[in-house]
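A quick write-up on the structure given underneath.
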Amino acid sequence: MILLFLFFFTLGMSVLTALLRDEKIRGGVVIVGSIIMMVLDVLFCVWAYLNGVGDNKVLTFLPESGLTEKCTYVFMAGELFLFSLITVLSVKHGKYHCILLSAIGTIPVLWLDITHKAVENLPMLKVDDLTILMFMVVGIVGGLISIYAVGYLHDYHIHHKDVENRSQYFQALLFLFLTAMYGLITSDALSWMFFFWEITSTVSFLLIGYTKKSEAVTNSFRALWMNLLGGCGFMVAILYCALVMHIGSLTELVEAGPRKAGIVIPVVFLSLAAITKSAQMPFSRWLLGAMVAPTPSSALLHSATMVKAGVYLLIRISPLFAGNLGGIMITTIGGFTFFAASLLAISQSDGKKVLAYSTISNLGLITACAGVGQPAATWAAIMLLLFHAVSKSLMFLAVGAVENATGSRDVEDMHGMVVKFPKMAYVMTVGICGMFLAPFGMLVAKWAALKAYIDSNNVMLVMFLVFGSATTMFYWGKWLGKLYAVLHQSERHRDVVHKSEWQVMYCLTALIVSLCALFPMIGTVFVQPVLSQSFGQTVGTIISDNDIRVMLMMLIMIGLMPVLAAFLIRNRKEKMTMAYMAGVNAGDDRHFIDSLGGIRPSYLSNWYMEEWFGEKRILNPSLYLSATAVTVMMIVAVGGAL
Amino acid sequence: MKMSKSPWLLHYDASSCNGCDIEVLASTTPRYDVERFGVINTGNPKHADILVVTGGVNNQTKMVVKQLYSQMPDPKVVIAAGICACDGGIFKECYNVNGGVDTVIPVDIYVPGCAVRPEALIDGVVKAVKLLDEKREAMKNHASCEVHYGNTPAKEVKK
Amino acid sequence: MRMTVVLLSILIYLAAAPLVGLAFEGYDRVVSARMQNRKGPSFFQPLYDLLKLFQKQSIVVNRVQTALVIGFVIFTIFTGCIFFAGGDILLVFFAHSLADMFLILAAYSANSPYSSLGAQREFMQTMAYEPMTLLTAIGFYMTCGSFNVSDVIQQEVPAIVRAPGIFLGFCFTLLIIFRKSPFDLATSHHAHQEMVKGLTQDLAGNIYGLQELGELYASVQMLSVAGLFFICKNPLSYVVAVVAVIVIYFFILLADNIFPRVKWEVMLSSTWVVTFVFGGGNFLILTMLNIAGK
């Protein structure tokens, strides 16, 4: 069984890295291990594909009930361990509310298992096309980031002498997380999924608190309580499913269909779990706080995979959103978050914060797509998930590398990167363009989302989308612009970025470009079957062949641009002058001569429009608004169903 | 097509008492309407064909005049508008005044007056326009643009 | 047959767009002058300006600039080709913003205060008008069931009949797209701007000419979108569209001359309000009609 092997291999890697003290050996082991993991991952996908997953088949695993039972005991022990770990740490830092939330989430599920009230004899694991896609994302992006983490942590501890070097712990957690993620995306039984869900919450909590600084501790507990609250929602859904509806797995839940009486209750509570995990408003603040963690964890957990678990769950249950209050709740929250977070991103200059807000914003879009409950919208959601995972992890890694190389991750300090650090500027260009520009991935998916919204007659979502995509363009565009300021006579940054980090970033860059070229194929081969399984119907063409051809042409043109431009300007006779500074340019475009004849530096800042879109002005109102919306809609939905 | 059909102006006040400046601006108003001849006041040396300087050049504005002139693409014409710009005028003897604009950059057209009248200025522009065509011809024949990369260090500019 | 028509219209666009653009600019210069109670330049002035720019020496701040401006021109023309080949309107707007990105990057690369501020404002403007342009595309989709220009022109009834609000909203954004009313916009052809020449500050000589040429293509394409609102199956509707575009342009000039001191704050909020009220309202009604129709 490749799957089990993959699972235990990753877990074993986690233990192994935790045991290896020597940094060099550990680094080598991590790199080799990650590569093996990626290979296994791809092998597994190929194997699953060969076994018929591609042809609308689903592979389910029903281990003999003895094994299932043993697993259940292991999981129960695991849950107890997590609970006690959270209790110990919460007591240590005096955050008692987390104990309560953890207890509420854990105890009922344990009770369910012990009293054998849980629905048994289910296929516990399931592999379909969506699982394969997620395997690709988790395995490849996760493996690459683990490799990147080796070099990154080495530099990180050179720059941050005040932080205790616990990199073996960090890497062990990364692998533990990957194990949990593999578990999460293969489990079909709700209780199993819940277990992995709680592991990811806890690992994220531990990673945020990595530096042990007071800010990090505060933020980690904020992340913890929000995620535990989501866990509680998950628990309620499990209880209701098991006790009232006698449903124990996602597949059964989806098969029950949106019309079944009372189904809205588990749907709403699962959505609550999903929006906390995916940091939708009003739970968005934990993801911003999570940016204190070292970059690899931000890239892996807080943009590419863990936060995707929430939207993954939503995509799984999206057929249940058609025409009920759960769907309305999710689309409202998602659409609103997409717009509000993109406004907030405009006012940020810290690179990682921009990325965090952008992540929240894009997750909002995916959430909204899943909430529509129509095949075309879900198609867009899956595409968005895929493109976002790749582009955003690249951006995080690039910002992390810049921070290690230049000592700052502020967008303002990336001024003139194209001259000072050209390789990095090009890598970032691909990452940024991948997030919002025409022939690249995210825009294609957004386009599909727009069509799906229009066809489902959802006026509100369309409005959120058109305004949100305009603001998205602003904050990405000005970042891109910063990189392209040409500063004459400037020194190059010393390239201290490790070779392994470069290779990871190049891989991701290549991945973005190839995804853009290959997306029609991915759509038909992987996404279409998922939709026909869960919705029982096929989607028509989302983006017509003509448009795809035009976009491929654009992609090729952009690729050829540098060559063409070089050719066209090769023999041009041009006179070079200074930039215009009202005639008082001091000669280097960076200083001017003041009225007393002194030389002063000029500083070109980007616009942040604080008084329009600043956190002070927008954050709290939007949190209150969304909190009210969530509460009211949950009460109405649950009340209506009861 | 002659360049003379579209002369774009850049107006710089080197140390004028503002008398000439007002007249320069007056000629762009509807009353005189120099846009009849395609003249536009660009405010940007990089788009301008004609540099109109008012007032004599002093120590502080010397560098600015030079810099603006260097940022204009060829062919270009310089008009010294008003007597101060022509030779320093009544400020000529001042301790900080260099003299006319021609002490710093080559001047093509001198338009005297205190202050310079819009009619005289328009006449100057019409002359400048003819010169533009001639310079363009000359440029074609000696098609050599100076190629110069990188910038000058701050100290040299200040001189 | 269809292929020939497509190729023909692209060729006509490539050849005629600069001329049509110049004609509209000439019209602009003459009419604006009359509104300001002066004689103004000849109708052919924009042509003289453009030809002059190509005769001038090229001055650059760096060589990246030239490359990016060339990119801008190529992608602008490409955008227009998509439109005139009967392609997807949404894609046209997406490609348009890609082209615009090249121009903005060219301004950023100059690393000068005015260019840089101009670039920021250009972004801000784009942010202001993009919701409305997307809604325009959606409006066409709602009225004829397809995003393709080739389908829109085959309609029985022109789009304006069912989407007047969206049309008004789009005309409002044309003021910004043509760099007209708000005086502190990125760049404007008039003396009344704040950022000297903003975005185009550090483009000079024939490179500036190239940029102007690109702008001509872009403006023709935007005017065509406005005209598309009037086009239906009936061949006469093309005449109506041309007249309508001329009238729209007149009103743009009128607005520009009445509100020469509008600032960007007003522009941003008013555009979004107009988008929301006119665009969103019209879209809501169209959706209702669609639901009722089913």
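Matching residues to (1) acidic (Asp, Glu); (2) assigned to a helix (DSSP H, G or I):
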{"residue": "C:Thr126", "(1), (2)": "no, yes"}
{"residue": "C:Tyr129", "(1), (2)": "no, yes"}
{"residue": "C:Met132", "(1), (2)": "no, yes"}
{"residue": "C:Thr143", "(1), (2)": "no, yes"}
{"residue": "C:Ser146", "(1), (2)": "no, no"}
{"residue": "C:Asp151", "(1), (2)": "yes, yes"}
{"residue": "C:Glu156", "(1), (2)": "yes, no"}
{"residue": "C:Val161", "(1), (2)": "no, yes"}
{"residue": "C:Lys180", "(1), (2)": "no, no"}
Which numbered condition B:Pro75 fails, given (1) surrounded by fewer than 20 Cβ atoms within 10 Å (Cβ to Cβ); (2) modelled with pLDDT under 90; (3) within 13 Å of another protein chain (Cβ to nearest Cβ): (1)
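Listed here are the residues, each with its yes/no results for (1) farther than 30 Å from A:Thr471 by Cβ; (2) in contact (Cβ under 8 Å) with a residue 40 or more places away in the chain; (3) in contact with a Gly (Cβ under 8 Å, 6 or more places away or on another chain).
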position	(1), (2), (3)
A:Ile548	no, no, no
A:Met553	no, no, no
A:Ala565	yes, no, yes
A:Gly587	yes, no, no
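Right, C:Pro18: buried (at least 16 other Cβ atoms within 10 Å of the Cβ), assigned to a loop (DSSP other than H, G, I, E, B) and not aliphatic (A, V, I, L, M) or not?
Working: buried (at least 16 other Cβ atoms within 10 Å of the Cβ): yes; assigned to a loop (DSSP other than H, G, I, E, B): no; not aliphatic (A, V, I, L, M): yes.
Answer is no for this residue.
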Which of the residues spanning the stretch A:480-526 are of a type in the set (Gly, Ala, Ser), within 14 Å of another protein chain (Cβ to nearest Cβ) and farther than 24 Å from A:Leu437 by Cβ? A:Ser490
In the stretch C:245-276, what residues are more than 14 Å from C:Ala128 (Cα to Cα), in a helix (DSSP H, G or I) and in contact (Cβ under 8 Å) with a residue 40 or more places away in the chain? C:Ile246, C:Ile248, C:Tyr249, C:Phe250, C:Phe251, C:Ile252, C:Leu253, C:Leu254, C:Ala255, C:Asp256, C:Asn257
Quick check: is even one residue across the stretch C:42-57 within 10 Å of chain A (Cβ to nearest Cβ) and in contact with a helix residue (DSSP H, G or I) (Cβ under 9 Å, 6 or more places away or on another chain)? yes
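From the list C:Tyr114, C:Tyr108, which residue is buried (at least 24 other Cβ atoms within 10 Å of the Cβ) and free of Cβ contacts under 8 Å to residues at least 24 places away in the same chain? Spell out the reasoning first.
Values: C:Tyr114 fails: free of Cβ contacts under 8 Å to residues at least 24 places away in the same chain.
Criteria check complete, one pass: C:Tyr108.
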So for the stretch A:537-545 (the condition being closer than 27 Å to A:Ile333 by Cβ and more than 14 Å from chain C (Cβ to nearest Cβ)), does at least one residue qualify? yes
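Among the residues of the stretch A:289-297, is there at least one that is in a loop (DSSP other than H, G, I, E, B) and closer than 30 Å to A:Ile147 by Cβ? Steps first, answer last, please.
Applying the first criterion (in a loop (DSSP other than H, G, I, E, B)) to the stretch A:289-297 yields A:293-294.
Restricting the remaining residues to those that are closer than 30 Å to A:Ile147 by Cβ gives A:293-294.
Checked the stretch A:289-297: at least one residue is in a loop (DSSP other than H, G, I, E, B) and closer than 30 Å to A:Ile147 by Cβ.
Which of the residues spanning the stretch A:204-218 are more than 14 Å from A:Trp286 (Cα to Cα) and part of a helix (DSSP H, G or I)?
Correct list: A:Tyr210, A:Thr211, A:Ser214.
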In this structure, does B:Cys84 turn out to be in contact (Cβ under 8 Å) with a residue 40 or more places away in the chain and either under 30 Å from A:Lys573 (Cβ atoms) or not in a strand (DSSP E or B) (or both)? yes
Before we move on, is C:Val69 closer than 30 Å to B:Leu132 by Cα, more than 9 Å from every other protein chain (Cβ to nearest Cβ), buried (at least 23 other Cβ atoms within 10 Å of the Cβ) and at pLDDT 90 or above? yes
Filter the stretch C:101-126 for residues that are at the interface with chain A (Cβ under 8 Å from one of its Cβ atoms) and under 14 Å from the mean Cα position of the chain (by Cα) and give the result. C:Thr126
With respect to the numbered conditions (1) surrounded by fewer than 22 Cβ atoms within 10 Å (Cβ to Cβ); (2) part of a helix (DSSP H, G or I), which one is the sole condition not fulfilled by A:Val486? (2)
Using the structure shown, decide if A:Ala274 is surrounded by 21 or more Cβ atoms within 10 Å (Cβ to Cβ), within 22 Å of the chain's Cα centre (by Cα) and part of a helix (DSSP H, G or I). yes
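Go over the candidates C:Tyr238, C:Tyr217 one by one and state the one that is surrounded by fewer than 16 Cβ atoms within 10 Å (Cβ to Cβ), away from chain B (no Cβ under 14 Å) and touching a helix residue (DSSP H, G or I) at 6+ places or on another chain (Cβ under 9 Å).
Numbers: C:Tyr217 fails: surrounded by fewer than 16 Cβ atoms within 10 Å (Cβ to Cβ).
None of the others qualify; the one that does is C:Tyr238.
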Checking the structure you have, find out if any residue of the stretch A:577-589 is more than 8 Å from every other protein chain (Cβ to nearest Cβ) and polar (S, T, N, Q). no
Report yes if C:Val274 is within 14 Å of chain A (Cβ to nearest Cβ) and in contact with a Leu (Cβ under 9 Å, 6 or more places away or on another chain), otherwise no. yes
How many residues does the stretch A:72-81 contain that are surrounded by fewer than 19 Cβ atoms within 10 Å (Cβ to Cβ) and over 17 Å from A:Leu125 (Cα atoms)? 5
Report yes if some residue within the stretch A:428-438 is assigned to a loop (DSSP other than H, G, I, E, B) and at the interface with chain C (Cβ under 9 Å from one of its Cβ atoms); otherwise report no. yes
Can you say whether A:Thr332 is crowded, with 24+ Cβ neighbours inside 10 Å and among the polar types (S, T, N, Q), as far as the supplied structure shows? no
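Please enumerate the residues belonging to the stretch C:82-100 that are of a type in the set (A, V, I, L, M) and more than 7 Å from every other protein chain (Cβ to nearest Cβ). Break it down stepwise before answering.
Applying the first criterion (of a type in the set (A, V, I, L, M)) to the stretch C:82-100 yields C:82, C:85, C:89-92, C:95, C:98-99.
Of everything in the stretch C:82-100, those that are of a type in the set (A, V, I, L, M) and more than 7 Å from every other protein chain (Cβ to nearest Cβ) turn out to be C:Ala85, C:Ile89, C:Val92, C:Ala99.
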Between a first residue in the stretch C:1-15 that is under 10 Å from C:Cys81 (Cβ atoms) and a second residue that is outside any helix (DSSP H, G or I), which pairs have beta carbons less than 6 Å apart while being 6 or more apart in sequence or on different chains? C:Val6/C:Ala85; C:Ile10/C:Ala85
Count, please, the residues in the stretch A:391-410 that happen to be at pLDDT below 90 and more than 25 Å from A:His157 (Cβ to Cβ). 0
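The values are calculated or read from the model by the stated rules, or taken from the named source; none is laboratory data. None of these values were measured; they are calculated from a predicted model. When we count neighbours, we look across all protein chains shown, and the Cβ atoms used for this are built from the backbone with ideal geometry, even at glycine.
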